[in-house]
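Asker: For reference, the structure I am asking about is given below.
The values are calculated or read from the model by the stated rules, or taken from the named source; none is laboratory data. Quick caveat, the model's predicted, so the values are computed rather than measured. Virtual Cβ from ideal backbone geometry, glycine too; neighbours counted across all protein chains shown. Heads up: the accessible areas ignore ligands, DNA and RNA and are worked out on the full protein's heavy atoms, side chains in. Shrake-Rupley method; radii C 1.70, N 1.55, O 1.52, S 1.80 Å.
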Amino acid sequence: MSTINLPAPSELHALKKMAIEAAQVGGEILQKYAKAGFAIEHKTRLSLVTDADKESERTIVAMIKKAYPTHQILAEEEGIHSDQQSPYKWVIDPLDGTTNFTHGFPFYNVSIGLEYEGTCILGVVLDPTRQEFFVGERGNGATCNGQPIHVSQVSELGTSLLCTGFGYDVAETADNNLDEFCRFTLKTQGVRRTGSAALDLCYVASGRFDGFWEMKLNPWDTAAGVVILEEAGGKLTTYDGAPYSIYGNKIIASNGHIHEQIIKVLQAPA
Ligand code: IPD
Ligand code: CA
Ligand code: CA
């Protein structure tokens with residue numbers, strides 16, 4: 001097993017403080033626009049972007065650049081903000097759950113992940129509506145508002161509550177997860193589609209869901225959530241059981257106990 005290098009504890013502490021402060025400021029920006037109103041643009045028919053996404057990203061990126069001018073930064077709206085040579089790479093979703101946000105459905109978050117030497121080592125996800133701060137630190141556990149969180153103990157798919165999501169090309173391709181959604185709906189206690197992948201991962205991490213699967217996500221959707229999930233005792237793979245990468249296409253995140261059962265359903269012929 002390869003070992004993961006980590007920054008010195010004092011450095012990690014400062015990075016975590018930075019991520020938490022930036023997420024807090026991003027969350028305040030989202031709530032400001034949620035109250036005051038915002039303009040909406042269409043990237044595609046279903047994929048939206050608002051003033052809130054843009055200002056949240058600009059502000060978070062500026063804070064990180066000021067504190068760590070040599071770090072790499074990848075964020076959803078502007079892509080690569082800084083591609084310096086550095087072992088550190090911040091991966092940011094300034095508003096995960098934009099469709100929910102535009103409808104006033106209060107389920108969205110700010111997600112900030114940090115890679116060190118290619119491994120996600122830190123994740124902060126803030127749900128500003130509930131003021132729930134999920135934090136995962138490689139080797140040091142996961143918390144929600146400072147309290148340790150853990151995955152559930154559910155061991156049978158039949159009594160599990162799962163969640164999933166659909167890509168913005170759902171109406172344009174047959175490879176759109178609807179078949180899988182039907183199969184799991186018939187085999188579990190329920191399947192939820194929340195519209196916020198980062199919170200889906202945090203909810204598996206805190207035992208509110210027992211498992212999650214989705215395809216066609218982007219690195220900023222999962223960079224923070226994967227650390228929180230793994231540090232809460234969860235398991236992460238692709239659909240065939242291989243190790244998951246935030247740059248890959250398919251994710252299964254579970255409490256570990258039902259992981260093989262999820263893989264089996266996903267691999268069943270359509
Ligand atoms: C989306 C959400 C949603 C998932 C989509 C993502 P966005 O992110 O995480 O749950 O199903 O695939 O694109 O666009 O709201 O940041
Ligand atoms: Ca997202
Ligand atoms: Ca987003």
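Asker: Work out the length of the dipole vector of the chain about its Cα centre, built from +1 on the beta-carbon of each Lys and Arg and -1 on the beta-carbon of each Asp and Glu, and round it to the nearest 20 debye.
Answerer: 380
Asker: Would you kindly derive the ³J(HN,Hα) couplings of region 18-24 from the backbone phi angles with the Karplus curve 6.51 cos²θ - 1.76 cosθ + 1.60 (θ = phi - 60°), listing them in order in whole Hz, with x for Gly and Pro?
Answerer: Rounded to whole hertz, the list is 4, 4, 5, 5, 5, 5, 4.
Asker: Let me ask you something else. Would you mind classifying region 9-148 by shape? Square roots of the alpha carbon gyration tensor eigenvalues, ordered a ≥ b ≥ c; an a/c under 1.5 is rounded, otherwise it is prolate if a/b is larger than b/c and oblate if not.
Answerer: Because a/c hits 1.5 or more and a/b fails to exceed b/c, region 9-148 counts as oblate.
Asker: If I take every Cα pair under 8 Å that is 6 or more residues apart in region 23-138, average their sequence separation and divide by the length, what percent do I get for the relative contact order?
Answerer: Once divided by the residue count of region 23-138, the mean separation gives 22 percent.
Asker: Please report the antiparallel percentage of DSSP beta bridges with both residues in region 125-256, rounded to the nearest 5.
Answerer: That works out to approximately 75 percent antiparallel.
Asker: Going from the alpha-carbon gyration tensor of region 157-267, what semi-axes, largest first and in whole Å, does one get by taking the root of 5 times each eigenvalue?
Answerer: Each semi-axis is √(5λ); the values are 18, 17, 13 Å.
Asker: Here is a further query. Looking at the square roots a ≥ b ≥ c of the eigenvalues of the Cα gyration tensor of region 181-231, which shape do they give, rounded for a/c under 1.5, prolate if a/b is larger than b/c, or oblate?
Answerer: Taking the square roots of the gyration eigenvalues as a ≥ b ≥ c, region 181-231 is oblate.
Asker: How large is the accessible surface per residue of region 157-267, computed with a 1.4 Å probe and reported in Å² as a whole number?
Answerer: 38
Asker: Calculate what fraction, in whole %, of the accessible area of region 9-148 sits on carbon and sulfur atoms when a 1.4 Å probe is rolled over the protein chains.
Answerer: Roughly 52 percent, rounded to a whole number.
Asker: How many nm is it between the label spots at Asn218 and Phe181, if each spot is 7 Å from the Cα in line with the beta carbon?
Answerer: Using points 7 Å along Cα→Cβ, the separation is 2.1 nm.
Asker: When only C-alpha pairs under 8 Å and at least 6 residues apart count, what is the relative contact order of the chain, in percent?
Answerer: Relative contact order of the chain: 16 percent.
Asker: Got a sec? Charge dipole of the chain, +1 on Cβ for Lys and Arg, -1 for Asp and Glu; which of Asn177, Phe133, Pro87 is way out at the positive end?
Answerer: After comparing all options, I get Phe133.
Asker: Using amide H atoms built 1.01 Å from N in the peptide plane, name the residues 5+ places from Cys120, or on other chains, whose amide H lies under 5 Å from its own.
Answerer: Sorted by chain and number, the residues that satisfy this come to none at all.
Asker: Same structure again: For the chain, what is the mean residue ellipticity at 222 nm derived from helices alone (per DSSP H run of n ≥ 4: -39500 (n - 2.57); sum divided by total residues; nearest 500 deg cm²/dmol)?
Answerer: My calculation for the chain gives -11000 deg cm²/dmol from helical runs alone.
Asker: Give me P(r) over the chain, computed from all C-alpha to C-alpha distances, binned every 5 Å, as integer percentages.
Answerer: Over the chain, the share of Cα pairs per 5 Å bin runs 1, 6, 14, 18, 19, 17, 13, 8, 3, 1, 0 percent.
Asker: So for each of 43-52, 159-168, 18-27 I average, over its residues, the number of other beta carbons within 10 Å; can you give me the resulting order with the highest mean first?
Answerer: 18-27, 159-168, 43-52
Asker: Label points 7 Å out from Cα along the Cβ direction at Glu156 and Lys35: separation in nm?
Answerer: 4.9
Asker: Now for a different question. Sort 144-152, 57-65, 6-14, 95-103 for me by packing, meaning the mean count of neighbouring Cβ atoms within 10 Å per residue, highest on top.
Answerer: Going by the mean number of other Cβ atoms within 10 Å, highest first, we get 95-103, 57-65, 144-152, 6-14.
Asker: Another question about this same structure. Between Thr173 and Thr119, how high is the FRET efficiency from 1/(1 + (r/R0)^6) when r is the Cβ-Cβ distance and R₀ = 35 Å? Nearest 0.05.
Answerer: 0.65
Asker: In addition: Summarise the accessible area of region 157-267 (1.4 Å probe, protein heavy atoms) by the percent that is carbon and sulfur.
Answerer: 52
Asker: May I pose another question? Let me know the Rg and Dmax you get for region 89-206 when you use only its Cα atoms, in Å.
Answerer: Looking at region 89-206, its Cα Rg and Dmax stand at 15.7, 42 Å.
Asker: Does region 214-266 classify as rounded, prolate or oblate by the C-alpha gyration tensor (a ≥ b ≥ c root eigenvalues; a/c under 1.5 gives rounded; else a/b over b/c gives prolate, otherwise oblate)?
Answerer: Oblate shape, in that a/c is at least 1.5 and b/c is the bigger or equal ratio.
Asker: Can I ask one more? So for region 112-270, averaging the separation of alpha carbon pairs under 8 Å that are six or more residues apart and normalising by length, what relative contact order in percent results?
Answerer: 27
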